[in-house]
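Written below as structure tokens is the structure these notes are about.
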Amino acid sequence: MNQQSHELDVRPILRSGGEPFQAIMKAVADLKPGQGLRLLATFRPEPLFRVMEGRGFTSVAREIDGGDWEVLFTPRVAAEPPVDVSTNAEMPQLWPDPDTSLDLTDLDPPEPMVRILAATEQMEPGRVLFALLSREPLFLFPELTRRHHQWVGSFDDTGEAYRILIRIGTRTENNNG
Amino acid sequence: MPGAALSRWTMTYFAAALLFLILGETMMVAGYGFPSAPLRAPETLMLVHIVAIGWLTLLMLGALLQFVPVLVGRSLRAQRLALPALLLILVGLLCLEAGFAALAGMVPLYTSDLAAGAAALVLGVAMAVMIIGLTLWQARPLTAPARFVAIGIGCLVVTAMLGGAFALELSGIAENEIFSRLDLNGLSIHAVLGLGGWMSFTAIGVSYRLLMMFMLSPDSAARVDRAVLWIGAGALMLVAAGVPFIIAFAAPLTASLTIAGILGVVVVGLYVSDVVRIYRKRVRKTVELNSSASVGAYGALVASAALLAIVYFDHGDYAAAALTYAFVFGWLTGLGLAQLYKIIPFLTWLECYGPVLGKSPTPRVQDLVREKGASVWFVIYYASVAAGTICILSAQANLFRGTCLVQLLATLVIVAQYVRARCLADVAPALQLPHGARRPNLFLSRSS
């Protein structure tokens, strides 16, 4: 996910003797998740780096024409949400495509956990299950591992649905791994 | 690895906590402590610490051992300390009680009781704080609910250390100017950081996440108001600032307590409005008993804020005691009993049926309890606490013992429901123990 940075030019405010901090903070608040900010100013805005650091942005500043400065603020968290992986998962990128898909987003917990475990009991070792949930199934993870299944999961870009891929394991596979 | 496993000792913490709650309420029925005895009498101290340490602290610690991993999505660190922490806190509390009983002239005085009790309590608390602290530390940066917990356990540490200083001073073992200054001026800080910082601030943080989970409110509705976190933290800092002030000047920092009180009322207002929003925007339309029974606790929290105003203008013992009683039994105990009504069946279900889910037919979590029968007892519980608060305000010591009897009865019925859930007593016999499932022990979870 590579979004275009939002651009904010505060040079006119600075030249008219104004204080651009409010405008900058408003622009920061309006950024989409993962979006960066490209700021144009008449000087190197040192104090702002600390403020933005505290808000989770890294900054790169460079001088541009006419003694003005361009600063790129990039959100420190990767745009992709972090991926949870079971310790026994081996090369998930090589897993076959899922042959079972479950949309469990409308179910009340712990029903999604019940459905997923019921589905895994019906599947052959090595096959893959995909499920969509409304929350991170924290209590499911240890149970999957106990049953020697491998899994990878992450929130989608909106952060509102959790996706999980489960590869059915066998006891032997676990012992070797 | 991400995920939250069953916490092995949580049920044991809960069982011990509930026994102390019943003991404390029985003491109130028997006329122990205020208003039957003076507010600062050793009998009142015995009652207060049975409830604050035996019931509320063990309840909160047991809940945190299970839910901090849920808050941070990581497994618990240093779990091995959970049992020694519990045992040390139990031994410490019993020694402390023996020390107070000696001060009341009930048993022969062993000056070492108070000191030994304080030492064991401080050590036990330190171990529990280490488990929770290390688990939070590995999960930085912290989410907002986890920050509440971090501030809460910070308050627990200061409360325990102040308590230790009081115990050393009272036992006469350590003749020390600093201890006597703290003992003379630090009581309100000890109480406010314990009840307000440790128990309430932690409960507020955890409740944001639990309410959202149980009612399926969208994250946008449940977004923790940062103002609650920062104003609350600021208020607690102001209170804690009284400690170095007392050590330096041998006088209480009254102004900071007043400002902290005002900020506390603001925090309560913001938090309750957040809770209302979470309830309104919930996706799960039926409100389960744990959530509906918590409403009484929020009511008691708001009522406590009003009582705080009375305490400010009327410095008498009765107003302060009414505030403490409403806060402890209406807000903290009410919330605790209501949430246990969900937590105990859920953990029991997970422990018993988790390993066989999908392999055999299993009951649902809600099949482990009978909400209809229990709900009326929550109403009776809150009504008795409201009546008890009025009795204290109007100095009716004997009538208060009567309302406490009703409160004890309601508590016993609610606790009996937890025991039934643990014993799978309400589950249809055909589903009770599918092949491969093991019956849970009453207060000791099987390690997984």
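The values are calculated or read from the model by the stated rules, or taken from the named source; none is laboratory data. Here the structure is a predicted model, which is why all the values come from computation and not from measurement. Here the Cβ is made from the backbone with ideal geometry for all residues, glycine too, and neighbour counts use every protein chain on show. What goes into the accessible areas is simple: the full protein's heavy atoms, side chains included, and nothing from ligands, DNA or RNA. Shrake-Rupley method; radii C 1.70, N 1.55, O 1.52, S 1.80 Å.
Quick rundown of the values:
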quantity	calculated
Percent of Cα-Cα distances greater than 33 Å, calculated over the protein assembly as shown	52 percent
Chain B: relative contact order as a whole-number percent, Cα under 8 Å and 6+ apart	16 percent
Residues A:THR58 and B:LYS285, FRET efficiency given R0 of 51 Å [Cβ-Cβ distance, rounded to 0.05]	0.70
Share, in percent, of DSSP beta bridges within chain A that are antiparallel, nearest 5	75 percent
A versus B: buried accessible surface, summed, Å² (probe 1.4 Å, to nearest 100)	2100 Å²
Cα-based convex hull volume of segment A:84-176 per residue, rounded to whole Å³	91 Å³
Area of A:GLU70 that stays accessible when all protein chains are in place (1.4 Å probe, Å², to 10)	10 Å²
Mean separation of Cα contacts under 8 Å, 6 or more apart, over the residue count of segment B:1-140: relative contact order %	28 percent
Tail fraction, Cα-Cα pairs, segment B:326-441, threshold 20 Å, whole percent	49 percent
Kirkwood Rh, angstrom, segment B:51-108 [1 / mean 1/r, Cα pairs]	13.2 Å
Of B:PRO108, B:PRO42, B:PRO145, the one that fluctuates the most in a GNM where chain B has Cα springs shorter than 10 Å	B:PRO108
Alpha-carbon radius of gyration plus Dmax, which is the widest Cα pair, for segment B:171-316 in Å	18.4, 61
Straight-distance crosslink candidates among lysines, where the alpha carbon sits under 25 Å from B:LYS342 and sequence neighbours closer than 8 are dropped	B:LYS281, B:LYS285, B:LYS359, B:LYS372
Taking chain A and dividing mean pair separation by its residue count, relative contact order in percent (alpha carbons under 8 Å, at least six apart)	18 percent
More than 41 Å apart - percent of Cα-Cα pairs taken over chain B	13 percent
Å² per residue, accessible surface of chain A at 1.4 Å	56 Å²
Distribution of pairwise C-alpha distances over segment A:18-68, 5 Å bins, in %	4, 16, 31, 27, 15, 5, 0
Net charge dipole size for segment B:1-140 [Lys, Arg +1 and Asp, Glu -1 on Cβ; Debye, nearest 20]	640 debye
Peptide A:135-146, shielding by other chains (average Cβ, 10 Å cutoff)	6
Unit charges at the beta carbon, dipole of the protein assembly as shown: most positive-side option, B:TYR381, B:SER217, A:LEU48	B:TYR381
Magnitude of the charge dipole, chain B, Cβ model with Lys/Arg +1 and Asp/Glu -1, debye to 20	2020 debye
Simple label model, 7 Å out from Cα along Cβ direction - A:ASP30 to B:ASN176, nm	5.8 nm
Chain A - convex hull of alpha carbons, volume per residue in Å³	152 Å³
Principal-axis tilt of helix B:82-103 within chain B, Cα atoms, nearest 10 degrees	40 degrees
